[in-house]
Amino acid sequence: MVKMVFFETRQDEKNFFKRRLKQYQVSFFHNILDLKELECVDDVEILSVFVHSNITASVIESLPNLKLIATRSTGFNHIDLEACRKRRITVANVPVYGENTVAEHTFALILALSRNVYKAYVRTIRNNFSMEGLQGFDLKDKTIGVIGAGHIGLHVIRMAKGFGMHALAYDVRKNPFLAEVLRFKYVSLEELLAQSDVISLHAPYNKHTHHLINRENIRLIKKGALLVNTARGELIDTDALVKALDEGILSGAGLDVLEGEDLFLEDQALLSPGVTREILENVVMNNILLRREDVVITPHIGFNSREAAQRIMETTLGNIQAFLAGTPENVVSIVASRQSSVVST
């Protein structure tokens, strides 16, 4: 009998997969992947995780019978694809599940900042109803810059047009037809940073996009702009972000993801041997961000609507069933992990 293990499962996911995969031996864990728990499950052939479980070469080596990794996410930077290739392990993802979902959350963050919703909330729960310092600004006629104009980025542009905004995009893959239809313009990253009132990140994370927004180019940003990130925390140099907020380069930031956010999820993570000085510095910077009224932070929930969650489960189930039938679907190519620049998501 095929043995499967799921990590990072909510109760609704457990109920869904338990019901739909009842003919197989399936184990579920609420926490992120833990090798000690995997030791209790012999001969694992199919492993399913979300983005916080790192599938390293050592994890793969510890699972000699592993044949499929079904990640319940679009991104796959948490999986060592080279190690999978060497072992002929198939990796399948969920390429499309909630482009509108993440785009809607993006605008929730934008509006929370542009109309000072969070700052006003913090003030009113302290029984202070003063309007001083709470004047916002209209999105109409402002310019949004979208970094990564793929499925999600294009939805953000469509929504921005509904607010009467102008739109710029930076992406190595250009679609002139869509640019004409949606009335946006492709520009360089530098031009986008300099001209945008709102900057929204929708690029995948890999070694080439690490600190895509950094201490050098963050100074190019139009003074007083907003920066929103619903992609991956490591796209932004956190130290540079804090300094840009302090210096007034940015008037606010909306973050659904944080650099090193996994440390917030693991008990005793800061005490583990692999924690470096850089990681500890990121933790300090993140805690500084958490205490600012000009920063709105949500715990990586941009994907998490009822509808998107259902699509993720259905696609993951389909990936597993297709693999078992000998016709794998949504297979991640090793080439995808070697992209040398920003690729849309």
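No value in this document is a laboratory result; all are computed from the given coordinates. Source: prediction; values computed, not measured. Note that we place each Cβ from the backbone using ideal geometry, even for glycine, and neighbour counts take in every protein chain shown.
So here's what we get for this one:
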{"read-out": "Above-threshold pairs, the threshold being 24 Å between Cα atoms, out of K3/K86; K140/K207; K67/K207; K3/K36", "value": "K140/K207; K67/K207"}
{"read-out": "Chymotrypsin sites (Phe, Trp or Tyr not before Pro) within region 47-135: DSSP coil, no more than 13 neighbouring Cβ in 10 Å", "value": "F129"}
{"read-out": "Sorted by Cβ density within 10 Å, fewest first, the residues E281, E259", "value": "E281, E259"}
{"read-out": "Computed [θ] at 222 nm, helices only, for the chain once each DSSP H run of length n ≥ 4 contributes -39500 (n - 2.57)", "value": "-10000 deg cm²/dmol"}
{"read-out": "Cα-based Rg / Dmax (Å) for region 27-80", "value": "10.3, 29"}
{"read-out": "Neighbour net charge for H166 - beta-carbon separation under 11 angstrom, K R +1, D E -1", "value": "+3"}
{"read-out": "Within-13-Å neighbourhood charge of S188 [Cβ basis; K, R +1; D, E -1]", "value": "-1"}
{"read-out": "Residue order, fewest to most surrounding Cβ atoms within 10 angstrom, among D239, D138", "value": "D138, D239"}
{"read-out": "Anisotropy class of region 99-297 from Cα gyration tensor, a/c 1.5 cut", "value": "oblate"}
{"read-out": "The chain - percent relative contact order, Cα under 8 Å, separation 6 or more", "value": "18 percent"}
{"read-out": "Loop GluC sites (Glu not before Pro), region 85-175 (other Cβ atoms within 10 Å of the site Cβ: 14 or fewer; DSSP)", "value": "E132"}
{"read-out": "Net charge of neighbours whose Cβ lies under 13 Å from the Cβ of V94, counting Lys and Arg as +1 and Asp and Glu as -1", "value": "-2"}
